[in-house]
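Working notes, structure below.
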Amino acid sequence: MSERDHIITVPLITSNKVSNGSSPLVMVTGYDYPTAQILDQAGVDIILVGDSLSNVVMGNSNTADISVKEIVHHVKAVSNANTKALVVGDMPWLSYHLSYKNTVINASKIIKAGAKAVKLEGGKKRVDHIKAILDAEIPVMGHLGLTPQSFNVLGGFKVQGKLEAQAEILIQDAHALEEVGCFSIVLEAIPRSLANTVTNTLKIPTIGIGAGPDCDGQVIVFHDLLGFFNKSKAKFVRPYLDFNKLATEAVEKFIKDVKDHDYPNDSESYH
Ligand code: KIV
């Protein structure tokens, strides 16, 4: 077990550039108390209560189908683990697209539930809303590239920034996020070379998912890391366990033991 001895704060993350000798950041999604405990015991830097909650936990087909109330519910569960890892809560689709007031109120709900920062998707066009959140003393993590909440505009979940013009816009967006005051940026599903360029030109750290090894950190969905799902996976997913198989086998064994009158035995009974 490699539980860390210090609390991870936003300033610690902000200064974590691999080019300055820091080791890469590790962010993993977590949606509940026991998972947060495991992630913290293992020593991750950041636990993201991502809007992937929508797909991974609720079984929806996209991330847009989740509310601030639901994110808040899961941020509370994760925060109850009192982790040394920084807890970041995702802002759901439409929770930061309307008025500044509405945006700040939504971000504040996620912070009041225990997150230390929020994450939201988009570049230049989100800068004013990000500024409003920052003005309320709430740190913001950016998210560029494949931004799943924009799946209708992007025409699905595809690698972004392959064309030179798209890549140029992404670089400009990354600089806009840094200038407004984001403390880090997630880069999702973009070519390795583009992630490398963005990482090398920013002072704040980049955290990649499907963006190659040159970012200042990596993020992965907890259930992908464990091999929870028995279905085809994205190219960048490396499962460290076949949890689907192991869990199914464990439950099958339990069923067999009950059917065979082997569970519970006498020593598992009260006398
Ligand atoms: O919600 C999520 O899991 C995310 C990660 C993919 C970065 O945003």
Test: Asp5 is closer than 21 Å to Leu134 by Cβ, outside any helix (DSSP H, G or I) and not polar (S, T, N, Q)
no
Subset tally (residues that are at negative phi and either among the hydroxyl-bearing types (Ser, Thr, Tyr) or surrounded by fewer than 24 Cβ atoms within 10 Å (Cβ to Cβ) (or both)) for the stretch 107-125
10
Just the residues that are within 12 Å of the ligand (Cβ to nearest atom), in contact with a strand residue (DSSP E or B) (Cβ under 6 Å, 6 or more places away or on another chain) and of a type outside the set (D, E, K, R), please, taken from the stretch 118-143.
Val118, Met141, Gly142, His143
I'm trying to understand the selection: among the residues of the stretch 119-160, which are in a loop (DSSP other than H, G, I, E, B), over 16 Å from Val10 (Cα atoms) and either at pLDDT below 95 or of a type in the set (Val, Ile, Thr) (or both)?
Thr147, Gly155, Gly156, Phe157, Lys158, Val159
Only one of Leu194, Leu170, Leu163 that is in contact (Cβ under 8 Å) with a residue 24 or more places away in the chain and either of a type in the set (Lys, Arg) or more than 16 Å from the ligand (Cβ to nearest atom) (or both)
Leu194
Just one of Lys231, Lys203, Lys245 is open to solvent by 70 Å² or more (accessible area, probe 1.4 Å), more than 15 Å from the ligand (Cβ to nearest atom) and not in a loop (DSSP other than H, G, I, E, B); which is it?
Lys245
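The values are calculated or read from the model by the stated rules, or taken from the named source; none is laboratory data. Everything quoted here is computed from the prediction, not taken from an experiment. Ideal geometry is used to build each Cβ from the backbone, glycine not excepted, and the neighbour counts take in all protein chains shown. Just so you know, the surface numbers come from the protein's heavy atoms only, side chains and all, with ligands and any DNA or RNA stripped out. Shrake-Rupley method; radii C 1.70, N 1.55, O 1.52, S 1.80 Å.
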